[in-house]
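A.B. asks: Have a look at this one.
What follows draws every value from the coordinates through simple rules; no lab data is involved. Note that the structure is predicted; figures quoted are calculated from it, not measured. No Cβ is skipped: glycine too gets one built from the backbone with ideal geometry, and neighbour counts run over all protein chains shown.
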Ligand SMILES: C[S@@+](CC[C@H](N)C(=O)[O-])C[C@H]1O[C@@H](n2cnc3c(N)ncnc32)[C@H](O)[C@@H]1O
């Protein structure tokens, strides 16, 4: 993970704050702001062993109850401040929320999680990132299903709203493997309960409105965007048009296509 010296880091939705605490090995406490979606009392009761007091003792600013999808909530965080905003292992809580959302809009978990990530990027680039800083957002997630079905490289951007005068569009600029050994005592927390999620191969997906950022030299670009590949299924290259048609008729492709169409429809009301 690219964490340059003196970069101001902001974490979003950091379950038990153990990732933010592990970041202190890389950044100074005054350059770190941590946030949780849960309120302080929920955090303390949900995760018996959490890193809140360690962060407070180190002098880190911690904000609770920050819903990254909600503009008013996001604006409680320092604006125009961070160089890098990080959301590790984002996941919409399943309790209540899925049921509510499905009732309201008859949509799926896939759509809700895309919606979460889209707003993370939109609000970070509109309010949270410093207009003259690094201008980077990181999403760390596993690259297996159901996460791979979010089409994270292609579906969340471009985002046009940004607080930088000189910026272009916010785009996915590449990914790198997440090296968990760099983050001591970091536990990936279950979104709903006092449980841990197993550490498995994960990638950091990097977004910026600076398409020539030097970070690109360490990132892998998304090859499935090229002609002859299927970006939704990450398959290809297809040898000829018959192979491509066969692929389009597979059950797997049809399911991915449906996620894509649902998201396009949802974007019209964002
Ligand atoms: C699987 S947990 C991962 C927790 C933590 N980031 C980690 O890496 O251990 C998913 C996290 O997403 C957060 N989250 C879900 N919806 C959110 C929202 N609307 N705004 C901010 N965070 C959210 C949850 O609170 C939860 O902590």
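A.B. asks: Normalised by the number of residues in region 227-270, what is the relative contact order in percent for Cα pairs under 8 Å and 6+ residues apart? Don't skip to the answer; put the middle values down first.
C.D. replies: Values: 21 pairs, mean separation 13.1, N = 44.
Averaging sequence separation for qualifying contacts and normalising by length gives 30 percent for region 227-270.
A.B. asks: Starting from 0.36 nm per residue, how many nanometres of slack lie between residue 184 and residue 250 once their C-alpha separation is accounted for? Write out the running numbers ahead of the final one.
C.D. replies: Numbers: separation 66, 0.36 × 66 = 23.76 nm, distance 4.30 nm.
The span from residue 184 to residue 250 would gain 19.5 nm if fully extended.
A.B. asks: A further question follows. Given 25 °C and 0.890 mPa s, how large is the Stokes-Einstein diffusion coefficient of region 177-216 in µm²/s, with Rh as the Kirkwood radius over Cα pairs?
C.D. replies: Working: Rh = 12.7 Å.
Translational D for this selection: 193 µm²/s.
A.B. asks: Something else: What does the helix-only formula give at 222 nm for the chain: each DSSP H stretch with n ≥ 4 adding -39500 (n - 2.57), the total divided by the residues, and the result rounded to the nearest 500 deg cm²/dmol?
C.D. replies: Numbers: 8 runs with 73 residues, N = 270.
Helix contribution divided over all residues of the chain: -7500 deg cm²/dmol.
A.B. asks: Measuring from centroid to centroid over Cα atoms, what is the spacing of region 185-205 and region 118-160 in Å?
C.D. replies: About 19 Å separates the Cα centre of region 185-205 from the one of region 118-160.
A.B. asks: Relative to the longest principal Cα axis of the chain, at what angle does helix 109-123 sit, 0 to 90 degrees, rounded to 10?
C.D. replies: 60
A.B. asks: How much length is gained on full extension from residue 76 to residue 39, taking 0.36 nm per residue of separation minus their Cα-Cα distance?
C.D. replies: On the way: separation 37, 0.36 × 37 = 13.32 nm, distance 1.36 nm.
That pair, residue 76 and residue 39, stretches by 12.0 nm at full extension.
A.B. asks: I've got another one for you. Given points 7 Å out from each Cα along the Cα-Cβ axis, report the residue 145 to residue 6 separation in nanometres with one decimal.
C.D. replies: 4.8
A.B. asks: Shifting gears a bit: Starting from the Kirkwood radius over alpha-carbon pairs of region 9-221, derive D by Stokes-Einstein at 25 °C in a medium of 0.890 mPa s and give it in µm² s⁻¹.
C.D. replies: The calculation lands on 140 µm²/s.
A.B. asks: Oh, and also: For residue 197 and residue 240, compute 0.36 nm times the residue count separating them, minus their Cα-Cα distance, and round to one decimal in nm.
C.D. replies: 11.3 nm
A.B. asks: A follow-up question, please. What are the equivalent ellipsoid semi-axes of region 200-270, built from the alpha-carbon gyration tensor (square roots of five times its eigenvalues), in whole angstrom, biggest first?
C.D. replies: Working: eigenvalues 139, 74, 30 Å².
Taking √(5λ) for each Cα gyration eigenvalue gives 26, 19, 12 Å.
A.B. asks: Ok, one more. Looking only at the chain, where both bridge partners belong to it, what percent of the DSSP beta bridges are antiparallel (to the nearest 5)?
C.D. replies: That works out to approximately 55 percent antiparallel.
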